[in-house]
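Encoded as structure tokens, the structure appears first; notes follow it.
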Amino acid sequence: MKKSILITGCSSGIGYYTAHGLHARGYRVFATARRQESVEMLLAEGLESFRLDLNDSDSIRWAVEETLRRSGGELYALFNNGGYGQPGAVEDLSREALRAQFETNLFGWVELTNLILPAMRRQGYGRIIQNSSVLGFTAMPFRGAYNASKYAIEGWSDTLRLELRGSRIFVSLIEPGPIITQFRANAMKAFERYIDVERSVHREKYLAIHNRLNKPGPAVPFTLPPEAVLKKVIYALEADTPKARYYVTFPTHLFGFLKRILPVSVLDKILAKAGNDHQ
Ligand SMILES: NC(=O)c1ccc[n+]([C@@H]2O[C@H](COP(=O)([O-])OP(=O)(O)OC[C@H]3O[C@@H](n4cnc5c(N)ncnc54)[C@H](OP(=O)(O)O)[C@@H]3O)[C@@H](O)[C@H]2O)c1
């Protein structure tokens with residue numbers, strides 16, 4: 001029997017590429033998306049697809065029932081992927097903007113995972129793969145909402161891994177640095193929606209952020225295509241004992257290393273500069 005995987009956020013970027021890549025590798029992929037037009041696109045491309053909106057508990061519940069109905073109650077893996085980045089300085093983030101960031105990037109993932117886990121426990125195996133980020137363990141200026149949501153994913157995943165010890169259900173974090181996707185275009189929408197540029201002390205910096213988010217092609221050095229993430233997802237799916245963390249891109253390896261060896265004061269200098277150079 002084919003191994004099955006449920007993926008969120010397949011309309012573009014990493015989710016889209018991973019869904020196609022795993023389908024081609026012989027997996028039964030439930031490639032979900034929050035918009036019906038994205039579902040239609042994925043169906044037309046030969047993938048199995050239906051709606052799953054991480055901001056909507058009914059939609060999550062329905063998608064889990066649909067997955068288990070189609071698969072006869074079995075699911076080998078869940079790839080938590082759908083999400084976005086809310087740009088903006090911490091002091092310009094409203095409660096509403098932060099809440100929206102956490103609804104999608106954390107609460108939706110937790111709710112979905114908790115509904116899938118009983119099936120994995122029943123069958124006695126499973127893989128939960130979390131698309132975190134280098135920003136899940138390294139902070140950068142003007143990325144506070146996103147940083148906080150990805151740090152939260154790291155803490156939640158570390159706890160879950162401990163609680164699932166011995167269950168044959170493995171939790172792995174994928175930690176990509178810059179990957180070329182629709183991420184910046186979607187961050188731009190969140191920026192325009194929630195950040196009041198004119199009233200901010202960071203007005204001028206926001207101009208640079210605006211330019212970076214609108215820049216076509218890679219915005220920073222060492223950007224990789226989504227294929228680099230797919231490779232690590234395959235390790236997490238197929239290794240006998242998958243690792244807790246998989247780094248993707250040079251910046252992730254670099255900051256992972258620097259964080260271990262440098263005092264905070266020195267690392268802060270580097271991160272502040274990197275953040276300002278790559279607004
Ligand atoms: N690109 C990077 O450099 C990078 C680096 C590290 C980690 N990541 C992580 O990779 C994941 C995928 O992002 P990406 O880079 O592939 O960007 P992307 O091309 O913008 O894809 C994001 C996906 O998430 C979906 N999504 C947003 N809100 C959702 C919701 N409420 N319910 C369900 N799906 C939702 C989007 O759907 P719509 O099209 O409907 O908005 C889209 O399919 C994210 O978790 C991101 O944090 C990205």
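The values are calculated or read from the model by the stated rules, or taken from the named source; none is laboratory data. Note that the coordinates shown come from a computational prediction; the quantities given were computed from them, not determined experimentally. Counting neighbours? That spans all protein chains shown, and the Cβs are built from the backbone with ideal geometry, glycine included.
Worth a mention:
- When region 237-270 is filtered for residues that are of a type outside the set (D, E, K, R), in contact (Cβ under 8 Å) with a residue 40 or more places away in the chain, out of contact with any Lys or Arg (no Cβ under 6 Å at 6 or more places or on another chain) and in a helix (DSSP H, G or I), the ones remaining, listed by number, are Phe250, Pro251, Thr252, Phe255, Gly256.
- Considering only residues in region 147-198 that are assigned to a strand (DSSP E or B) and over 16 Å from the mean Cα position of the chain (by Cα), the one that is farthest from Pro242 (Cα to Cα) turns out to be Ile169.
- Some residue of region 189-209 being touching a helix residue (DSSP H, G or I) at 6+ places or on another chain (Cβ under 6 Å) and within 12 Å of the ligand (Cβ to nearest atom): no
- Residue in region 71-88 that is surrounded by fewer than 22 Cβ atoms within 10 Å (Cβ to Cβ), touching a residue at least 40 places away in the same chain (Cβ under 8 Å) and either within 10 Å of the ligand (Cβ to nearest atom) or over 28 Å from Tyr27 (Cβ atoms) (or both) present: yes
- Criterion: closer than 18 Å to Met140 by Cα, surrounded by 14 or more Cβ atoms within 10 Å (Cβ to Cβ) and at pLDDT 95 or above - qualifying residue of Thr181, Thr249: Thr249
- Selection from region 156-188 of residues that are out of contact with any Lys or Arg (no Cβ under 9 Å at 6 or more places or on another chain), within 29 Å of Thr223 (Cα to Cα) and more than 16 Å from the ligand (Cβ to nearest atom): Asp158
- If you filter region 42-57 down to residues that are aliphatic (A, V, I, L, M) and under 20 Å from Asn114 (Cα atoms), you find that the one that is farthest from the ligand (Cβ to nearest atom) is Leu52.
- Criterion: touching a Leu at 6+ places or on another chain (Cβ under 8 Å) and small (Gly, Ala, Ser) - qualifying residue of Ala31, Ala44: Ala31
- Among the residues here, Leu135 qualifies as more than 17 Å from Val233 (Cα to Cα) and within 13 Å of the ligand (Cβ to nearest atom).
- Selection from region 117-132 of residues that are more than 15 Å from the ligand (Cβ to nearest atom), buried (at least 18 other Cβ atoms within 10 Å of the Cβ) and hydrophobic (A, V, I, L, M, F, W, C): Leu117, Met120
Yes/no matrix, rows are residues, columns are (1) without any contact (Cβ under 8 Å) to a residue 24 or more places away in the chain; (2) touching a Gly at 6+ places or on another chain (Cβ under 9 Å); (3) small (Gly, Ala, Ser); (4) crowded, with 23+ Cβ neighbours inside 10 Å:
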residue	(1), (2), (3), (4)
Ile7	no, yes, no, yes
His23	no, yes, no, no
Ala33	no, yes, yes, yes
Ala44	yes, no, yes, no
Asn55	no, yes, no, no
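- For region 236-254, filtering for residues that are under 15 Å from the mean Cα position of the chain (by Cα) and charged (D, E, K, R) leaves 1.
- Within the set Arg35, Arg28, the sole residue that is within 12 Å of the ligand (Cβ to nearest atom) and either more than 17 Å from Asn131 (Cβ to Cβ) or touching an Asp or Glu at 6+ places or on another chain (Cβ under 9 Å) (or both) turns out to be Arg35.
- Qualifying position, being within 15 Å of the ligand (Cβ to nearest atom) and charged (D, E, K, R), among Arg99, Arg95: Arg99
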